[in-house]
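Engineer: Below is one structure. I have some questions about it.
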Amino acid sequence: MGVIRTLLAICVILGHTGPLWGIRFLNGSIAVETFFIISGFYMTLILSSRYVGKNSYKLFITNRFLRIYPIYWGILAMAIFVSAVSGLLTRHWFFLEPYIQWHNNMRLSTFSFINISNWIIFGQDVVLFLGLNVNNGVLFFTENFRNTYPQFYTFLIIPQAWTLSIELVFYLIAPLIVRRNIRLILWLILASLLLRAYIYFGLGWTNDPWTYRFFPTEIIFFLLGNISYRVYSFIKDDQKYRKFSLYLMALFLLVLLFYQHIEALRWFKLLLYYSFAVFSLPFIFNLTKNSKKDRKIGDLSYPIYLVHGFIIAFSTPIIRWLGLNSFKTPILIILSILAAFILLKIIADPIEKFRQARWSKAIPST
């Protein structure tokens with residue numbers, strides 16, 4: 001599933017840069033929710049096969065943190081440093097601009113909350129439901145952050161990391177639910193759907209962030225990943241599905257590339273897409289799980305997703321200055337992939353060896 005994951009990360013880039021040679025790819029928000037489905041699949045997989053027995057919860061959580069935080073902190077530190085240098089030299093502060101402009105309008109508690117959230121990730125999704133009152137420096141709830149000024153999410157150094165906050169919350173509760181009876185999973189899916197329906201039709205909040213940033217309504221996608229894993233448990237290691245899996249993977253790639261060019265009712269198209277994803281991912285994983293090349297390509301997806309905002313912010317002025325605007329999107333994609341590769345080599349690979357060693361040592365006690 002590595003190729004799928006990395007292509008989904010590129011879909012998110014295109015959501016922030018525009019089409020690639022006229023092709024719009026899958027919508028960025030749908031790509032994010034597909035990541036949630038894949039995460040639910042993977043977490044159920046490893047919690048069912050690897051993290052079992054005594055101390056497994058602690059080992060699972062700490063290993064997930066080791067997967068998430070080192071690259072995140074590396075990009076965060078880089079973004080802060082480059083923004084500070086740029087600000088001192090050119091007065092253009094990039095990601096630090098909101099702090100320079102509004103730091104006198106924030107109470108210490110507000111300033112502390114957003115800074116701590118930037119470092120620990122937790123709470124970044126909550127930021128999308130808050131506004132800053134510049135008259136008294138306190139935060140207030142808003143059902144539409146786009147109607148506030150300044151928009152409080154601009155204080156996030158890595159804005160797309162709100163998804164990591166949701167992921168981390170899921171990691172904390174995943175060991176408690178993903179191995180439970182299918183009936184519990186289905187009840188939770190129903191509860192999430194009913195809550196979404198109430199927010200949409202009862203409260204009338206059909207705008208961002210309620211559409212895909214509210215954890216109680218987004219948990220459905222992680223749970224769909226759990227359903228997807230249960231499909232996989234029936235077909236794993238069965239080679240008779242190989243040709244069928246190849247067709248499914250080819251079709252999935254085509255859907256990712258041309259989804260926004262398919263004419264259909266939005267809700268119907270979404271229903272078909274998510275149903276197709278839940279059904280096809282087990283077959284695609286069964287097909288690719290032993291491929292080292294696919295795994296290495298997939299490893300790029302997380303750093304690509306995290307670093308692309310940094311790349312866009314600092315490379316776009318240079319691309320414009322060089323007169324290469326017509327090649328902007330492919331250049332930004334290539335730079336994001338190169339940056340992701342470097343981050344893997346410098347940060348992720350050494351950490352991954354440590355993570356695997358911790359797991360191996362824990363096997364006798366599980």
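Residues checked against (1) modelled with pLDDT of 95 or more; (2) touching a helix residue (DSSP H, G or I) at 6+ places or on another chain (Cβ under 7 Å); (3) crowded, with 19+ Cβ neighbours inside 10 Å; (4) of a type in the set (S, T, N, Q):
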site: 124; (1), (2), (3), (4): yes, yes, yes, yes
site: 127; (1), (2), (3), (4): yes, yes, yes, no
site: 132; (1), (2), (3), (4): yes, yes, yes, no
site: 146; (1), (2), (3), (4): no, no, no, no
site: 152; (1), (2), (3), (4): yes, yes, yes, no
site: 155; (1), (2), (3), (4): yes, yes, yes, no
site: 165; (1), (2), (3), (4): yes, yes, yes, yes
site: 173; (1), (2), (3), (4): yes, no, no, no
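Engineer: So, of the residues in region 213-255 that are among the charged types (D, E, K, R) and surrounded by fewer than 19 Cβ atoms within 10 Å (Cβ to Cβ), which turns out to be modelled with the highest pLDDT? I'd like the intermediate steps shown before the answer.
Structural biologist: First pass over region 213-255, keeping only residues among the charged types (D, E, K, R): 213, 218, 230, 236-238, 240, 242-243.
Now drop any that are not surrounded by fewer than 19 Cβ atoms within 10 Å (Cβ to Cβ), which leaves 230, 236-238, 240, 242-243.
Working: 230: 96, 236: 87, 237: 77, 238: 77, 240: 85, 242: 90, 243: 92.
Here the residue is 230.
Engineer: Based on what the data block shows, is residue 74 of a type outside the set (D, E, K, R) and within 21 Å of residue 124 (Cα to Cα)? Step through it out loud before you land on a result.
Structural biologist: Details: of a type outside the set (D, E, K, R): yes; within 21 Å of residue 124 (Cα to Cα): yes.
Against the criterion (of a type outside the set (D, E, K, R) and within 21 Å of residue 124 (Cα to Cα)), residue 74 qualifies.
Engineer: Out of the residues in region 261-279 that are among the charged types (D, E, K, R) and within 23 Å of the chain's Cα centre (by Cα), which is surrounded by the fewest Cβ atoms within 10 Å (Cβ to Cβ)?
Structural biologist: Looking at residues that are among the charged types (D, E, K, R) and within 23 Å of the chain's Cα centre (by Cα), I get 266.
Engineer: Just give me the residues in region 2-32 being within 14 Å of the chain's Cα centre (by Cα) and of a type in the set (Ser, Thr, Tyr), in sequence order.
Structural biologist: 6, 29
Engineer: Still on this structure, please answer the following. Select from region 178-212 the residues that are over 21 Å from the mean Cα position of the chain (by Cα) and buried (at least 16 other Cβ atoms within 10 Å of the Cβ) and list them in ascending order.
Structural biologist: Answer for region 178-212, where residues must be over 21 Å from the mean Cα position of the chain (by Cα) and buried (at least 16 other Cβ atoms within 10 Å of the Cβ): 185, 188, 195, 199, 205.
Engineer: While we're on this one: Could you list all residues from region 86-116 that are at positive phi and part of a loop (DSSP other than H, G, I, E, B)?
Structural biologist: Quick first cut of region 86-116, residues at positive phi only: 91, 94.
Matches in region 86-116: 91 only.
Engineer: List pairs: first residue in region 232-260 and under 18 Å from residue 273 (Cα atoms), second residue of a type in the set (S, T, N, Q) and in a helix (DSSP H, G or I) anywhere in the structure, Cβ distance under 8 angstrom, at least six positions apart or on different chains.
Structural biologist: Matching pairs, first to second residue: 245/286; 248/280; 249/280; 249/288; 251/280; 252/280.
Engineer: Same structure, new question: Hey, does region 139-150 have a residue that's touching a strand residue (DSSP E or B) at 6+ places or on another chain (Cβ under 8 Å), free of Cβ contacts under 8 Å to residues at least 60 places away in the same chain and of a type in the set (Val, Ile, Thr)?
Structural biologist: yes
Engineer: Let me ask another. When you scan region 95-104, do you find a residue that is hydrophobic (A, V, I, L, M, F, W, C), under 30 Å from residue 343 (Cα atoms), surrounded by 13 or more Cβ atoms within 10 Å (Cβ to Cβ) and in contact with an Asp or Glu (Cβ under 9 Å, 6 or more places away or on another chain), even just one?
Structural biologist: No.
Engineer: Also: So if I check each of 65, 81, which one is under 22 Å from residue 306 (Cβ atoms) and surrounded by fewer than 12 Cβ atoms within 10 Å (Cβ to Cβ)? So that I can check it myself, show each step before the final result.
Structural biologist: Numbers: 65 fails: surrounded by fewer than 12 Cβ atoms within 10 Å (Cβ to Cβ).
Result of the check over 65, 81: 81.
Engineer: Which residue pairs have Cβ atoms closer than 8 Å, lie 6 or more positions apart in sequence or on different chains, and pair a first residue in region 11-33 that is part of a strand (DSSP E or B) with a second residue that is modelled with pLDDT of 90 or more?
Structural biologist: From region 11-33, the pairs are 20/14; 20/329; 20/330; 20/333; 23/257; 23/258.
Engineer: Test of understanding: among 257, 248, 186, 164, which residue is touching a strand residue (DSSP E or B) at 6+ places or on another chain (Cβ under 7 Å), in a helix (DSSP H, G or I) and of a type outside the set (S, T, N, Q)? Working first, answer last.
Structural biologist: Values: 248 fails: touching a strand residue (DSSP E or B) at 6+ places or on another chain (Cβ under 7 Å); 186 fails: touching a strand residue (DSSP E or B) at 6+ places or on another chain (Cβ under 7 Å); 164 fails: touching a strand residue (DSSP E or B) at 6+ places or on another chain (Cβ under 7 Å).
Only one candidate passes the filter, namely 257.
Engineer: For residues that are touching an Asp or Glu at 6+ places or on another chain (Cβ under 9 Å) and not aliphatic (A, V, I, L, M), tally how many sit in region 154-169.
Structural biologist: The number of residues fulfilling the criteria is 4.
Engineer: I need the full set of residues from region 295-338 which are farther than 21 Å from residue 161 by Cβ, hydrophobic (A, V, I, L, M, F, W, C) and part of a helix (DSSP H, G or I), in order please.
Structural biologist: Step one: of region 295-338, the residues farther than 21 Å from residue 161 by Cβ are 295-297, 317-331, 334.
Narrowing the set further to residues that are hydrophobic (A, V, I, L, M, F, W, C) leaves 297, 318-319, 321-322, 324, 327, 331, 334.
Once the filter is applied, which keeps residues that are farther than 21 Å from residue 161 by Cβ, hydrophobic (A, V, I, L, M, F, W, C) and part of a helix (DSSP H, G or I), region 295-338 yields 297, 318, 319, 321, 327, 331, 334.
Engineer: While we're on this one: If residue 325 meets every condition in (1) over 30 Å from residue 56 (Cα atoms); (2) exposed (fewer than 15 other Cβ atoms within 10 Å of the Cβ); (3) modelled with pLDDT of 95 or more; (4) not charged (D, E, K, R) apart from one, which number is that one?
Structural biologist: Looking at each condition in turn, residue 325 falls short on (3).
Engineer: Return the pairs, sorted by first residue and then second, in which the second residue is part of a helix (DSSP H, G or I) and polar (S, T, N, Q), the first residue lies in region 270-296 and is in contact (Cβ under 8 Å) with a residue 24 or more places away in the chain and under 16 Å from residue 246 (Cβ atoms), the beta carbons are less than 6 Å apart, and the residues are 6+ apart or on different chains.
Structural biologist: Once the first residue is in contact (Cβ under 8 Å) with a residue 24 or more places away in the chain and under 16 Å from residue 246 (Cβ atoms) and sits in region 270-296, its partners that are part of a helix (DSSP H, G or I) and polar (S, T, N, Q) give 281/228; 282/228; 283/245; 287/245; 294/288.
Engineer: Further, regarding this structure: Please determine, by comparing only the residues of region 43-55 that are closer than 15 Å to residue 177 by Cβ, assigned to a helix (DSSP H, G or I) and not aliphatic (A, V, I, L, M), which one is farthest from the chain's Cα centre (by Cα).
Structural biologist: Restricting to residues being closer than 15 Å to residue 177 by Cβ, assigned to a helix (DSSP H, G or I) and not aliphatic (A, V, I, L, M), the top hit is 48.
Engineer: Hey, any hits in region 328-338 for a residue that's in contact (Cβ under 8 Å) with a residue 40 or more places away in the chain, crowded, with 19+ Cβ neighbours inside 10 Å and charged (D, E, K, R)?
Structural biologist: no
The values are calculated or read from the model by the stated rules, or taken from the named source; none is laboratory data. All of these numbers come straight from a predicted model, not from anything done at the bench. Note that we place each Cβ from the backbone using ideal geometry, even for glycine, and neighbour counts take in every protein chain shown.
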